[in-house]
Amino acid sequence: MHVARSDSLGIHPVLYSFRRCPYAIRARMAVLAAGVVVELREVVLRNKPQALLDVSPKATVPVLVNTLGGAVQVIEQSLDVMRWALTQQDPQGWLNGADAAPQQAWIVLNDGAFKGALDAYKYPERHPERSVVEHRAEGERLMLVPMNHTLASQPFLAGERPGLSDVALFPFVRQWAGVDPVGFAGRPLPHLQRWLNHWLTSAAFEQVMARWPAWEPGQAPALFPALKGLGLECDV
Ligand SMILES: N[C@@H](CCC(=O)N[C@@H](CS)C(=O)NCC(=O)O)C(=O)O
């Protein structure tokens, strides 16, 4: 986190996001669960807005810019955005046990070795040293089989109830499954498939995967979540 100048008016924190990015999906899930309203700025990764580059030269998404209370706070890592949101309000208890070793270990494994295996499986032409079947075997060996094993004895990685690790990991497992959906459905990973299905069929996931046009400087703020049903139709 650091402080910077921002073009935001500071009424709502700004979340630079990209709809399909798994890091941004986990951040939006936490924002939604926390009941925090942000100004969502959909980024086109090959044409990043100058306003994003100005606050965060590393220019990955998600980035949260909070101008409430005077100083400008820039949060540049998805897990930090999740914690920032859930620290304000955590009605589903996703932070319960989030610092415990097993949950931390899942996140470290996912964001490290499994992300590498996922990229290799998604783009096998960039990794010709292995066949697609070998790439698949590597990701399964590293994380998916151990997850399936854990999820055989408890509904969520965090235990009886979902926790930070569940929310942080499912967008990446979704991406893995999306490489070959029919093949994934046929893999002997029933507990993992049930767990993924839980997230993908949730009302929250539907909401975080709404479509936003690419953000243009000066446009009216697009609020996330959109304020509907309260006589406050503000999703302009
Ligand atoms: N460690 C970062 C990783 C974020 C990340 O790599 N996001 C990707 C999109 S999924 C990105 O912005 N890549 C930059 C680019 O493609 O130019 C986080 O957890 O937020």
(request) Go through Gln104, Gln88 for me and flag whichever is within 16 Å of Val37 (Cβ to Cβ) and open to solvent by 60 Å² or more (accessible area, probe 1.4 Å). (result) Gln88
(message) Against the conditions (1) within 19 Å of Met143 (Cβ to Cβ); (2) assigned by TED's automatic domain parsing to the domain that holds Pro13, where does Glu216 fall short? Just the number, please.
(response) (1)
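How about segment 28-41: which of its residues are out of contact with any strand residue (DSSP E or B) (no Cβ under 7 Å at 6 or more places or on another chain) and within 16 Å of the ligand (Cβ to nearest atom)?
Initially, segment 28-41 is screened for residues out of contact with any strand residue (DSSP E or B) (no Cβ under 7 Å at 6 or more places or on another chain), giving 29-30, 32-36.
Residues satisfying the conditions are Met29, Ala30.
State all residues of segment 37-65 that are β-branched (Val, Ile, Thr) and surrounded by fewer than 20 Cβ atoms within 10 Å (Cβ to Cβ); if no residue qualifies, say none.
Going residue by residue through segment 37-65, those that are β-branched (Val, Ile, Thr) are 37-38, 43-44, 55, 60-61, 63, 65.
Val37, Val44, Thr60, listed by residue number.
The values are calculated or read from the model by the stated rules, or taken from the named source; none is laboratory data. Small disclaimer: the values here were computed from a predicted structure and weren't measured. Positions of Cβ are backbone-derived with ideal geometry, glycine not excepted, and every protein chain shown enters the neighbour counts. Only protein heavy atoms, including side chains, enter the accessible area calculation; ligands, DNA and RNA are left aside. Shrake-Rupley method; radii C 1.70, N 1.55, O 1.52, S 1.80 Å.
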